[in-house]
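First comes the structure, then the notes that go with it.
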Amino acid sequence: MHDNGRVAQKRKRGLESTGDMIRSLGLVLAIVVVVFWLAQPPSSDAKRLRIVDPTDDVKAFSQSAPGVPVPATLPTGWRPSVTDFHVGAHQLRVGWQTPAGQYAEYAANSAPDETFLGDITDHAPRTGTVVVNGVPWTEYRKDRAISLVRTYGATTVVLGTLRNSSSLEELRVLAGSLTR
């Protein structure tokens with residue numbers, strides 16, 4: 001190959017044609033469409049409620065805190081979705097989806113510290129007393145969350161927590177299900 005000593009002329013920038021720009025934008029748009037299409041979740045990715053069995057946690061808590069009412073059989077449509085028992089913290093939490101699709105929770109601590117009630121009710125103010133089957137419960141409310149609180153010796157039981165979205169009637173059903 002022979003070198004004639006000339007250098008190839010550099011093309012000046014900014015002289016691209018409209019066609020060049022449209023092709024570039026088309027390529028970028030094609031990449032975006034492909035990424036968008038690949039990122040779509042499958043239609044079978046619907047959220048499903050995970051049903052749990054709280055029986056073992058409830059039994060373990062009952063053994064560590066005898067005489068404290070714990071959740072028993074609830075009416076049809078109450079689906080347990082959360083259960084958590086911490087031996088060292090002496091705390092049991094069980095949550096349900098109610099028939100109305102709301103969330104109700106039972107929380108009990110057999111050795112509560114001074115922050116337990118405030119933490120679990122989000123420092124809701126006391127608003128009165130609710131009587132369920134002849135048993136008085138102290139009612140706390142903050143925003144939409146309702147909590148019913150009762151102590152049994154050293155154990156504090158809370159129905160409804162800061163995450164609660166169930167109605168007072170649903171909490172009455174939960175309170176009525178408690179057995180010793």
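Every number in this text was worked out from the coordinates using simple rules, so none of it is lab data. Quick caveat: nothing in here was measured; it's all calculated off a predicted structure. No Cβ is skipped: glycine too gets one built from the backbone with ideal geometry, and neighbour counts run over all protein chains shown.
Within the set (i) 195; (ii) 309; (iii) 110, the number that volume of the Cα convex hull per residue in Å³ takes when calculated for this structure is listed as (ii).
Could you tell me what percent of the DSSP beta bridges with both partners in the range 55-177 are antiparallel, to the nearest 5?
100
Spin-label model, Q63/D143: points 7 Å from Cα along the beta carbon direction are separated by 3.8 nm. Residue exposure proxy: V157, V34, ordered by other Cβ atoms within 10 angstrom of their Cβ from fewest to most, comes out as V34, V157.
For the range 14-108, a/c is not less than 1.5, where a ≥ b ≥ c are the root eigenvalues of the C-alpha gyration tensor, and a/b tops b/c. That puts it in the prolate class. Extension gain, I22 to I51: 0.36 nm times the residue separation minus the Cα-Cα distance gives 5.1 nm.
Look at T129, T156, T76 and count the other Cβ atoms within 10 Å of each Cβ; fewest to most, that gives T76, T129, T156.
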